[in-house]
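Asks: This is the structure, below, for whatever I ask next.
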There are 2 protein chains.
Amino acid sequence: MNDYQLKLDGSICFAIYTAGHAMNRVYKPLLDALGLTYPQYLVMVSLWQEDGQTVGGLGEKLFLESSTLTPLLKRLEAAGYIRRDRSKVDERVVIARLSDEGIRLKEKAAAIPNCIANATGRDAAGLARLEAEIVALREALNKSAV
Amino acid sequence: MNDYQLKLDGSICFAIYTAGHAMNRVYKPLLDALGLTYPQYLVMVSLWQEDGQTVGGLGEKLFLESSTLTPLLKRLEAAGYIRRDRSKVDERVVIARLSDEGIRLKEKAAAIPNCIANATGRDAAGLARLEAEIVALREALNKSAV
DNA sequence: CAATAAATAATCGTGCGCGATATAAATAGG
DNA sequence: CCTATTTATATCGCGCACGATTATTTATTG
């Protein structure tokens, strides 16, 4: 029962891979205006939802390692959007907090989700349904990976 | 009508972004056994379907730039899986061809699509339907991007 | 047919993204 | 307490991935 062939078309993984690139191309001009990359934008969104998160906490939410986040957070700090402070309670922990400029940036970013939604050409219900399916796929893959 | 908020959950882009990472984690051990990365695997799959493709042709299929493909193809060549030759007809063009070892590698890779399909926990029909939706999303995004 | 434009790869710089490893702090055990 | 282990972040090396630029070849045009 070797049903699945070595092909690009018909491969859900290739579809996700290329959809991710396509998505980045849509975000790029919008994020350039804010001086952010997409992963940096994700960190900012996470901090706008809940300020003062640890590196590990952000990593769990965004599925990223400290080896990715540490330099990224340093760049956000250099850009003036966040501060990075060691926790007083536990000196191992680093906490990322929004700066005033980082807080102000939220308003400039507010229009982005609608721009992206428009670019997909789908209505809210269709997007929500598809998003739920992709999240379910992600969860299945994450469970399967040892 | 500012319906869409700055949140991670509910964002189809974040879902795709993280699903791509999850997918990579599943592929990694399978591809490590072949000495390939996922983008390298995509090039090999493309060449197994049609040997002797130009850099530009591969770029169109895989949605990648020459600045990504050139070094990647050089690594595949260094690994002994392909050769890179200038076209005799048009000296601007570089053609990637499978080596004997590259041809043999296809058999070792044959089981991978089934492994991945199993990891998704979905049946063939469900995967095909979801893949079609993600491809449609990709096309919509690519059209929207100027 | 020579000057110009277009096409094709390649190069360079920047920023992910991860695995492996290191460093330092906190906790556990004897 | 004092050592051993665990935890949290940081560092390093490698491979994408892209935009901007360059080099070379081919096609076009006056």
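Asks: Could you work out which residue, out of A:LYS61, A:LYS108, A:LYS74, moves most in a Gaussian network model of chain A, that is, has the largest mean-square fluctuation with Cα springs under 10 Å?
Replies: Between A:LYS61, A:LYS108, A:LYS74, it is A:LYS61 that shows the largest mean-square fluctuation.
Asks: So, by mean Cβ neighbours within 10 angstrom, what's the order for B:86-92, A:122-128 with the highest one leading? Don't skip to the end; give the middle numbers.
Replies: Working: B:86-92: 9.1, A:122-128: 13.6.
Ranking the peptides B:86-92, A:122-128 by packing returns A:122-128, B:86-92.
Asks: Right, next: From the phi angles alone, apply the Karplus equation (6.51, -1.76, 1.60; θ = phi - 60°) to the range B:30-36 and give each ³J(HN,Hα) in whole Hz, x where the residue is Gly or Pro.
Replies: 5, 7, 4, 5, 9, x, 10
Asks: Name the residue, out of A:LEU98, A:LEU36, A:LEU130, whose mean-square fluctuation peaks in a Gaussian network model built on chain A with Cα pairs under 10 Å.
Replies: Fluctuation is largest for A:LEU130.
Asks: Can you list the equivalent-ellipsoid semi-axes of the range A:41-125, largest first and in whole Å, using the square root of 5 times each Cα gyration tensor eigenvalue?
Replies: 27, 15, 11
Asks: Hey, what angle do you get for helix B:66-78 against the long axis of chain B, alpha-carbon based, 0 to 90 degrees rounded to 10?
Replies: 50
Asks: Counting alpha carbon pairs within less than 8 Å and at least 6 residues apart, what relative contact order, in whole percent, applies to chain B?
Replies: Reported as a whole number, the value is 18 percent.
Asks: Taking amide H positions as placed 1.01 Å from N in the peptide plane, with prolines and chain starts having none, which residues 5 or more places from B:VAL93, or on another chain, fall under 5 Å of its amide H?
Replies: Sorted by chain and number, the residues that satisfy this are B:SER87.
Asks: Report, as an integer, the average count of C-beta atoms from other chains found within 10 Å of each Cβ along A:106-119.
Replies: Working: counts 1, 0, 0, 1, 4, 3, 3, 10, 5, 2, 6, 5, 3, 8.
Taking all residues of A:106-119 together, the mean is 4.
Asks: Between the range A:1-70 and the range B:83-132, what is the C-alpha centre distance in whole Å?
Replies: Going from one Cα centre to the other spans 24 Å.
Asks: What is the sum of charges around A:ALA78, taking Lys and Arg as +1, Asp and Glu as -1, for the other residues whose C-beta is under 14 Å from the C-beta of A:ALA78?
Replies: Net charge around A:ALA78: +2.
Asks: Working from Cα positions, state the angle (0 to 90°, nearest 10) between the long axis of helix B:38-49 and the longest principal axis of chain B.
Replies: Relative to chain B, helix B:38-49 is tipped by roughly 60 degrees.
Asks: Gaussian network model of chain A, Cα springs within a sub-10 Å range: biggest mean-square fluctuation belongs to which of A:TYR41, A:TYR27, A:TYR17?
Replies: Of A:TYR41, A:TYR27, A:TYR17, the most mobile in the Gaussian network model is A:TYR17.
Asks: Zone of B:LEU34 (label point 7 Å along Cα→Cβ, backbone N under 13 Å): which residues in the range A:1-23?
Replies: A:5-8, A:14
Asks: As a check on your grasp of the helix formula, calculate [θ] at 222 nm for chain A: sum -39500 (n - 2.57) over DSSP H runs of n ≥ 4, divide by the residue count, round to the nearest 500. Mind dumping the intermediate values first?
Replies: Numbers: 7 runs with 94 residues, N = 146.
Calculated from helices alone, the mean residue ellipticity at 222 nm is -20500 deg cm²/dmol.
Asks: Label-to-label distances across copies for B:THR68, with labels 7 Å out along Cα→Cβ, in nm, shortest first?
Replies: Copy-to-copy label distances for B:THR68: 1.6 nm.
Just so you know, all these numbers are worked out from the coordinates, no wet-lab data involved. From a predicted model like this one, the values you see are computed outputs, not experimental measurements. Note that we place each Cβ from the backbone using ideal geometry, even for glycine, and neighbour counts take in every protein chain shown.
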